[in-house]
Structures are given as structure tokens and as C-alpha cells.
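So the structure is just underneath, and the comments pick up after that.
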Amino acid sequence: MFHGKPMILIPLFGDQLVNAKNVERIGTGTLIERSSLNKKTFTDAIQRTLGNREILREAAFVASLLAGRAQQYRNDIAQWAKIIIEHGRMNHLLMHSRNLNLIQYYSLDVLAFLASLVVSIAFLLLWLFKCLFSRLRAVKPKRD
């Protein structure tokens, strides 16, 4: 995207399929499903991508939007490096979660409580149904 060239995307795993669909949705590339990949679909995708002026124009437009970003990132890194050199370690920027233990970090105590609550309610409901059905079965009219 950065160089303004249209893309032919063949997602393999993970979030690549979502990213490929987003690229196709914004009109800067063509998606080929891995299951349908063969010589014909690949050459068709190349011809469709390079022959479509809309895709070429969108790719160039996205590249123009991203053009100044690399320099901006370099400036940001340089600025943060100067701040760190001047002021040293800045404790107010450190994450407080680095001081938490595993149970606190993942809220395992809360999850254990909620799980025990769900299990308790399930057992209570089972017990109530058992009592209700046993009473319904216990009441039988006498036959003489």
C-alpha cells in the first residue's frame, strides 16, 4: 500500500483473510481464496488487477495518504529519545499491571467466583426440579 501498487492477496492463516477482505473492500487489491488457487485464477487475478484503472487509482490514492507517515514516525521516535535522554526514567508512563501477580492480572479470583456461582445456581435448579418432579410423582390417587 505504501508504494501505491495494487495487491493480489492469498491469505493463508490467522487474520490475513480479514485484512485481505478489507484491502479488497477499499479497492486496492484482489483476493484469491487459497482453496481456489490455481494457474487460471492467479492469471485472471493479475489481469483483473492490472487492467482495472479503479484499483490502480485507489492504490495510488492510499499511497499518497501514507506518504508522510514514515518521516512522521522517525520524528516521533527522535522526539521521545530526546525526552528520555533529558528526563531519564519516567515512572508515570510505566504500566501499573507490571506489579500485579498472575491471579490479579487475569482476574482469576473473579472468574473463580463467577464459575462457582454458576455451578451453585445449576445445582440449586437441579435440586429444585428433582424435588418438584418427585412430589408430582409421589401424589397418586388411591384405587380401591
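Readers should treat all values here as calculations from the given coordinates under stated rules, not as data from a laboratory. Because the structure is predicted, anything quoted here is derived from the model rather than measured. Note: ideal-geometry Cβ built from the backbone for every residue, glycine included; neighbour counts use all protein chains shown.
Figure the gain on full extension for residue 135 and residue 19 (residue separation times 0.36 nm, minus the Cα-Cα span) and round it to one decimal in nm.
35.8 nm
Using the 2.2 N^0.38 Å rule of thumb for compact globular proteins, work out how the chain stacks up: its C-alpha Rg over that value, please.
On the way: Rg = 30.9 Å, N = 144, 2.2 N^0.38 = 14.5 Å.
With N residues counted in the chain, Rg over 2.2 N^0.38 Å equals 2.13.
Could you give the length gained by full extension between residue 65 and residue 35, i.e. 0.36 nm per residue of separation minus their alpha carbon distance, to one decimal place?
Net length gain for the segment: 7.5 nm.
Can you tell me the dipole magnitude for region 7-66 around its Cα centre, using point charges on the Cβ only (Lys, Arg +1; Asp, Glu -1), in Debye to the nearest 20?
With Lys and Arg at +1 and Asp and Glu at -1, about 160 debye.
Could you tell me how many degrees, from 0 to 90 and to the nearest 10, lie between the Cα long axis of helix 53-66 and the main elongation axis, the longest principal axis, of the Cα atoms of the chain?
The helix 53-66 is inclined about 90 degrees to the chain.
Using the reciprocal of the averaged 1/r over all distinct C-alpha pairs, how large is the Kirkwood radius of region 7-66 in Å?
Working: mean 1/r = 0.0841 Å⁻¹.
Radius from the Kirkwood sum: 11.9 Å.
Using amide H atoms built 1.01 Å from N in the peptide plane, name the residues 5+ places from residue 9, or on other chains, whose amide H lies under 5 Å from its own.
Amide H neighbours of residue 9: 30, 31, 32.
Given R₀ = 30 Å, what would the calculated FRET efficiency be for residue 5 paired with residue 96, taking r from the Cβ atoms and rounding to 0.05? Mind showing how you got there, number by number?
Numbers: r = 44 Å, r/R0 = 1.46.
FRET efficiency, residue 5 to residue 96: 0.10.
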